[in-house]
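So the structure is just underneath, and the comments pick up after that.
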Amino acid sequence: KEEFVKDVVEDVLQKEGEYGKTNIGDGIPVIVEFSSPNIAKPFHIGHIRSTVIGNSIYKIYDAMGYKVTRINHLGDYGTQFGKMIVAYRRWGNEEDVKREPIKTLLHYYTKFHVEAEKDPTLEDEARATFTRLEHGEPETMLWQWFRDESLKEFTRVYDMLGISYDSYAGESFYSDKMPAIVEELKKKNLLVESKGAMIVDLEPYGLTPAPILKSDGSTLYITRDLACAKYRKDTYNFYKNIYVVASQQNLHFQQLKKILELMGYEWAKDIIHVPFGLVSLEDGTMSTREGRVVFLEDVLNRAIAETRDIIREKGVATDNIEETAKQVGVGAVVFNELSNNRIKDYVFSWDKVLDFNGETGPYVQYTYARSASILRNAGEEAVSKARGTINPSYITGESAYALAKLVYKLPEVVIEAGEKYEPSIVTRHIVDIAQAFNRFYHDEHILVDNEEERSAKLALVIAAKTAIKNGLALLGMEAPERM
Ligand code: ARG
């Protein structure tokens, strides 16, 4: 036991920020595609799932030593943009779009559908506009502007969450790469005609047919994804191409994978769809169509505001309430998101998210801040002694040993989470560490007079603190020193 706890503590103290990382990935390229919202559409609470789960999977693969490319496959292509451009030209106003891009564009889009009921020629105009857009004609400027304005809004949320990307190559990026993929499908005898459209028949594989070209020759979502997968293989030579996308798209990804396989690509097996269930709100499912949209940005801001109130109420010591409220508020939402097995549907509940005593983000962060406060109280000299050689016989008691064991397991847990594409495995483990830490803190007197004993115990505190911080980082969360 003594040797074990000594090894663990020394290892963590020596590796610090690197503790939990391994190099089983050995620099091999992996793609994690996540978030991928549609431009000019609300960035709502439902998008939290792909965004936060995907970011954590990226962090986990990064910690495993893979060379990860983060891609935001924006939904920035399709006939709806023809409609939006027509609507903007008729009823639009530049100032309104600038002030509130997504809400305004959405409003035009809705108006288009209302008006098109009365005047069906609008639909033809939209189609023609989209065709011109596809050919890079003046419409492109407007589309580019819608895209930029939408991205500004998305980026505000990504910044709050501390998320960034290596590439925003979305659907439109593949428009000039589609003819080649269609040609290839033809050559490989995979395209058949069906009611004027071109499809790949997947019936022999128990899947519904995949439409590749509409009767007017325009491409579809899956056509873009085929071109995209091939482009990614050519560009990044990925070992795994991971798509963090809702389980509603299971069929789409089965079709995609099967078609690539039929095209003879052995790497089709490396197309990994990581699905997840639905999030709903306590007052019923959120739905874009019924206009009951809850914006993700509003949720994060509310979490920050409520956390600020709780902090004030509790009168806890922090240097900077604003900064702490942001770390804890946003962290609470992120942690909650990553607490459940991703495939499970879950109900978003404010009480649960911000419960400082439950198995929540605030609880873990609070435990972290407590460990930081112990070190502050101990003083710099004592801490630096603890970083020297320790006598492990003082940290083999039941709760100390249990804590050391959990800290020891972090690197294994990260690998397991990566292999299962399941960040909740990390989340659960950090809760375990936090609970074990609190038990240790409760059972043992840490800042004792005996210097040897104090040093050993402080060393274990530093190790646990480090493990919690590194674990939280893998979820995309910060660790506040005071709370
Ligand atoms: N934009 C799509 C949506 O909001 C998700 C894109 C998923 N990624 C992909 N490569 N198909 O539903």
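The values are calculated or read from the model by the stated rules, or taken from the named source; none is laboratory data. In this text the structure is predicted, and so the values were computed from the model without any measurement. Cβ atoms come from the backbone with ideal geometry, glycine included; neighbour counts cover every protein chain shown. Note: accessible area is taken over every heavy atom of the protein model, side chains too, but ligands, DNA and RNA are not part of it. Shrake-Rupley method; radii C 1.70, N 1.55, O 1.52, S 1.80 Å.
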Any chance you could tell me what percent of the C-alpha pair distances in segment 153-196 go past 15 Å? 66 percent
Using distinct alpha-carbon pairs, which all enter the 1/r mean, Kirkwood radius of the chain in Å: 24.9 Å
Residues meeting the amide H criterion for residue 348 (H placed from the backbone, H to H distance under 5 Å, 5 or more places apart or on another chain) are 280, 281, 282
In the neighborhood of residue 434, defined by Cβ-to-Cβ distances under 12 Å, what is the net charge if each Lys or Arg adds +1 and each Asp or Glu adds -1? +3
For segment 345-483, the Cα-Cα pair-distance distribution in 10 Å bins from 0, as whole percents, is 12, 41, 33, 12, 3, 0
Expressed as a percent, the portion of alpha-carbon pairs in segment 188-258 spaced more than 21 Å apart is 31 percent
On Cα atoms only, tilt of 424-443 relative to the major axis of the chain in degrees: 20 degrees
0 to 90° range, to nearest 10: angle between helix 139-161 axis and the chain longest Cα axis: 20 degrees
Relative contact order for the chain, counting Cα pairs under 8 Å that sit 6 or more residues apart, in percent: 21 percent
Radius 14 Å from Cβ of residue 245, net charge of other residues (Lys, Arg +1; Asp, Glu -1): +1
For a protection proxy built on the mean count of beta-carbon atoms within 10 angstrom, sort 177-189, 210-222 highest first, please. 210-222, 177-189
How large is log10 of I(q)/I(0) for segment 100-195 at q = 0.11, 0.13, 0.17, 0.24 Å⁻¹ when the intensity is taken from the Debye formula with one equal scatterer per alpha-carbon? -0.55, -0.74, -1.03, -1.25
Could you please state how large a percent of the accessible area of the chain is carbon and sulfur, counting protein chains only and using a 1.4 Å probe? 47 percent
Compute and list, largest first, the equivalent-ellipsoid semi-axes of segment 292-371 from the alpha carbon gyration tensor, each √(5λ) rounded to a whole angstrom. 22, 16, 10
Per DSSP H run of n ≥ 4, the term is -39500 (n - 2.57); total these for the chain, divide by its residue number, and report the mean residue ellipticity at 222 nm rounded to 500 deg cm²/dmol. -18500 deg cm²/dmol
In whole Hz, the Karplus estimates of ³J(HN,Hα) for segment 332-348 (6.51, -1.76, 1.60; θ = phi - 60°; x where Gly or Pro) are 4, 5, 5, 4, 4, 4, 9, 7, 8, 3, 4, 6, 6, 6, 8, 9, 6
Using only the Cα atoms of segment 58-126, each taken as one equal point scatterer with no solvent, compute I(q) by the Debye sum, divide by I(0), and report log10 of the ratio at q = 0.13, 0.14, 0.20 Å⁻¹. -0.51, -0.54, -0.80
Volume per residue, Å³, of the convex hull around the alpha-carbon atoms of segment 155-225? 145 Å³
Mind checking which aspartates and glutamates have their Cα closer than 18 Å to the Cα of residue 214? Skip sequence neighbours fewer than 8 apart in that chain. 123, 124, 125, 134, 171, 176, 183, 184, 193, 201, 225
Where the Cα atoms of segment 1-138 are projected onto their three principal axes, how long is each span, largest first, in whole Å? 81, 28, 24
Read phi for every residue in segment 276-282 and hand back ³J(HN,Hα) as whole Hz from Karplus 6.51 cos²θ - 1.76 cosθ + 1.60, θ = phi - 60°, with x for Gly and Pro. 8, x, 8, 10, 10, 9, 4
Phi to ³J(HN,Hα) by Karplus 6.51 cos²θ - 1.76 cosθ + 1.60 over segment 17-22, Hz, x for Gly, Pro: x, 8, 5, x, 7, 9
Sorted by average packing, counted as other Cβ atoms within 10 angstrom per residue and highest first, what order do 377-386, 453-462 take? 453-462, 377-386
With viscosity set to 1.002 mPa s at 20 °C, what whole-number translational diffusion coefficient in µm²/s follows for segment 334-421 from Stokes-Einstein and a Kirkwood radius over Cα pairs? 131 µm²/s
Just the number please: accessible area per residue for segment 193-341, 1.4 Å probe, all protein chains included, in Å². 47 Å²
For the charge dipole of the chain, defined by +1 on Lys and Arg C-beta atoms and -1 on Asp and Glu C-beta atoms about the Cα centroid, which residue among 415, 331, 172 has the Cα displaced farthest towards the positive pole? 172
For residue 240, distant residues with modelled amide H under 5 Å away: 31
